[in-house]
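Report on one structure; see the data block that follows.
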Amino acid sequence: GDAAVFPTPVRISELPRNFTFEELDYISSLLLVSNEGNKISEEGFVLNNPSLQNLKSFCLQELTSFCREMVSLPENLRPYITQSWVNSTQAGEYHHSHTHPNSYISGVLYINALEHVDRIYFHREEPGYIKFQPSKYNIFNSPTWFFQVWTKALILFPSSLEHSVYTVGGDHSRISLSFNTFLEGELGDYSEKTYLHLSPPLNG
């Protein structure tokens with residue numbers, strides 16, 4: 001029968017509570033600078049702020065679960081959050097297509113987004129040897145795939161997966177908190193000369 005090989009894992013979950021005033025106050029106070037198509041916080045470690053420690057714990061819990069369940073990360077390796085920042089995309093703005101280098105899994109937590117309006121798009125390179133218009137698009141032949149997002153949604157995906165935000169319509173502000181991750185622990189094998197010990201920074 002038909003089968004699929006090498007699928008890409010993506011997880012969507014939801015913060016099981018509303019954002020607190022303290023969390024929203026800190027996020028709204030961040031200095032934003034121009035990015036390609038939208039704005040990004042100058043601060044690159046927002047989840048290290050004490051007011052967001054509960055959010056960081058939630059993100060880390062979901063990240064760990066994703067790694068253990070979806071990619072069967074062994075117990076001697078532990079994911080941790082590296083950089084984190086806030087994105088602001090207003091009506092008429094967009095977020096250019098990009099990947100997240102120097103990261104294992106990336107995440108986006110939506111601070112303000114409208115379901116059925118806001119989406120995150122993922123892209124893959126189309127094979128260059130043959131190109132045609134499919135009679136019906138599906139997960140096997142689509143060069144682009146999107147997920148609807150909403151306030152409090154968290155999406156996790158491999159950092160090498162190219163993604164973007166198309167031009168935002170309406171008159172609302174799309175605010176998201178993005179973060180990158182890496183691993184600590186032991187990789188490889190000593191006898192095969194592939195051993196590597198990974199340690200996070202002191203503030204990791």
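Can you give me the pair-distance distribution of the stretch 6-120, C-alpha pairs, 5 Å bins, whole percents?
P(r) over the stretch 6-120, rounded to whole percents: 2, 9, 18, 22, 22, 16, 8, 3, 0, 0.
If you scale each eigenvalue of the Cα gyration tensor by 5 and take the root, what three semi-axes come out for the stretch 114-198, rounded to whole angstrom and sorted largest first?
The equivalent ellipsoid of the stretch 114-198 has semi-axes of 33, 24, 9 Å.
So how do 20-32, 77-89 stack up, highest first, on mean other-Cβ count within 10 Å?
In decreasing order of mean packing, 20-32, 77-89 become 77-89, 20-32.
Given the options Val149, Val117, Val108, which has the most mean-square fluctuation in a GNM of the chain, springs set between C-alpha atoms less than 10 angstrom apart?
It is Val117.
Can you tell me the dipole magnitude for the stretch 146-204 around its Cα centre, using point charges on the Cβ only (Lys, Arg +1; Asp, Glu -1), in Debye to the nearest 20?
Dipole of the stretch 146-204, to the nearest 20 debye: 280 debye.
Counting only helical runs of four or more DSSP H residues, what would the 222 nm mean residue ellipticity of the chain come to if each run contributes -39,500 (n - 2.57) and the total is spread over all its residues?
So the helix-based figure for the chain works out to -4000 deg cm²/dmol.
Where both residues lie in the stretch 1-158, what percent of DSSP beta bridges are antiparallel, nearest 5?
Taking every DSSP beta bridge with both residues in the stretch 1-158, the antiparallel ones total about 95 percent.
Could you give the spread of the C-alpha atoms of the chain along their three principal axes, from largest to smallest, in whole angstroms?
Answer, in whole Å and largest first: 55, 53, 30 Å.
May I ask for the net charge around Pro74, where only other residues with Cβ less than 14 Å from the Cβ of Pro74 are counted and Lys, Arg are +1 while Asp, Glu are -1?
-3
Which residue, Leu52, Phe6, Gly37, has the largest displacement toward the positive end of the dipole of the stretch 1-54 when charges sit on each Cβ (Lys, Arg +1; Asp, Glu -1)?
Phe6
Scan the stretch 1-87 for trypsin sites (Lys or Arg not before Pro) in coil per DSSP, keeping those whose Cβ has at most 16 other Cβ atoms within 10 Å, and list them by number.
Taking the stretch 1-87 and a limit of 16 other Cβ atoms within 10 Å, the loop trypsin sites (Lys or Arg not before Pro) found are Arg17.
Any read-out appearing in this document is the output of simple, stated calculations on the displayed coordinates, not a laboratory observation. For clarity, every value in this text was computed on a predicted model and none was experimentally measured. Backbone-built Cβ (ideal geometry, glycine too); neighbour counts: all protein chains shown.
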